[in-house]
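Please treat every number below as a calculation from the coordinates, not as lab data. As the structure is a computational prediction, the values presented were derived from the model and not from experiment. Heads up, the Cβs are rebuilt from the backbone with ideal geometry, glycines too, and the neighbour counts pull from every protein chain shown.
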Amino acid sequence: MRRKMAAGNWKMNGTAPALSILTELANAHDATGPDIVICPPATLLSQAADLAKGTSVSIGAQDCHAQISGAFTGDLSAEMIAEAGGSSIIIGHSERRTAYGESNADVRAKATAVFRAGLTAILCIGESLQTRNDGNTLTVIETQLAGSLPDQVTGQSLVIAYEPIWAIGTGMVPTLAQIIEVHDFIRAHIIRRYGPRIGDQISLLYGGSVKPGNAAEIFTAENVDGALVGGASLKAADFSPIIAALAAS
Ligand code: PGA
């Protein structure tokens, strides 16, 4: 059985009072349901981890550096995130690939760092609107998978999030058929690369304008094991029904 996961990416949003959502989510969803991961800004990591201790919610970070330590002003290593109480790290988000020029090789090095620290990597891939309109989506997805996935993975330590860039924060969502096409393609790729035992175990998340109103339909896809949620993860009233829809799927 693959694990179901609802991960919330707060991006650069949220100060300490926002952490009350953790308690709301923990009260509404017990540990028998999907994994619930909240990825707040790094400043809130240890506070969030303290609050989440012993609940159904776990804490993740939004990025890390590939090295353990060194002269990298402003960066955090995966080990530092683990020390702060994080159990997973989002890597290769399109906002970082675009704004900071992160390459597939960078993302691959970060994935290796996440595994080195004993954490789960939530590795993001996804095409631009131009790529989609040019009919090159699967070619780009193939290149991202080939370039950013490390050779050594386990089904437990890796989660892949398919996030079409044009769907992030826009309210635009691919059709169910488009989501199924890409998720089935990713599944086939990882089974080819890692074998069926590991390839079948890796959870695949869909991300990009997931809302309470569209989550249930998205979760009907066989190879969608959860969601990476931005805007709708900032309020329990929005995130909670998404988690419930995943639990019911
Ligand atoms: P969104 O963001 O849900 O606000 O579209 C998703 C993401 O960037 O992970």
Residues whose placed amide H lies under 5 Å from that of Glu127, excluding near-sequence neighbours:
Ile165
Just subtract the alpha-carbon distance of Glu217 and Gln47 from 0.36 nm times their residue separation and send over the number in nm, one decimal.
57.8 nm
What is the set of long-range amide H partners of Gly8 at a cut-off below 5 Å, with H atoms built 1.01 Å from backbone N?
Val37, Ile38, Cys39, Val229
What ranking do Glu222, Glu95, Glu163, Glu142 get, fewest neighbouring Cβ atoms within 10 angstrom at the top?
Glu222, Glu142, Glu95, Glu163
I need the per residue convex hull volume for the stretch 54-128, using only the alpha carbons, in cubic angstrom as a whole number.
97
For the stretch 1-112, just the Cα atoms, rotate onto the principal axes and tell me the three extents in Å, largest first.
40, 34, 23
May I ask you to list the chymotrypsin sites (Phe, Trp or Tyr not before Pro) in the stretch 69-142 that are in a DSSP loop and have at most 13 other Cβ atoms within 10 Å of their Cβ?
Phe72, Tyr100
Placing each pseudo-label 7 Å from Cα in the direction of the beta carbon, Thr170 and Thr23 end up separated by a distance in nanometres of 3.9
Mean separation of Cα contacts under 8 Å (at least 6 apart) over the residue count of the chain, i.e. the relative contact order in percent, is 21
What lysines sit close enough to Lys53 to cross-link, taking a C-alpha to C-alpha distance under 23 Å and skipping anything fewer than 8 places away on the same chain?
Lys4, Lys11, Lys235
Report the label-to-label distance for Thr73 and Arg2 in nanometres (one decimal), using points 7 Å from each Cα along the Cα→Cβ vector.
4.3
Of Met172, Met12, Met80, Met5, how do they rank once you tally other Cβ atoms within 10 Å and put the fewest first?
Met12, Met172, Met80, Met5
Express as a percent, rounded to the nearest 5, the fraction of DSSP beta bridges in the chain (both residues included) that run antiparallel.
0
DSSP H segments from the chain that extend 15 Å or more along their own axis, Cα-based, with Kyte-Doolittle mean of -0.5 or above
104-116, 137-148, 176-194, 236-248
Gyration tensor (Cα only) of the stretch 92-142 to equivalent ellipsoid, semi-axes in Å sorted down, yields 24, 11, 8
At 4 °C and a viscosity of 1.567 mPa s, what translational diffusion coefficient does Stokes-Einstein give for the chain, taking Rh as the Kirkwood radius over Cα pairs? Give it in µm²/s as a whole number.
73
Theoretical ellipticity at 222 nm over the chain - DSSP helices of four or more residues, -39500 (n - 2.57) apiece, nearest 500:
-11500 deg cm²/dmol
Let me check against my output: what whole-number percent is the relative contact order of the stretch 141-249, with C-alpha pairs under 8 Å and at least 6 apart?
29
What residues qualify as long-range amide H neighbours of Gly207, i.e. H under 5 Å apart, gap of 5 or more or another chain, H built at 1.01 Å from N?
Tyr162, Glu163, Leu228
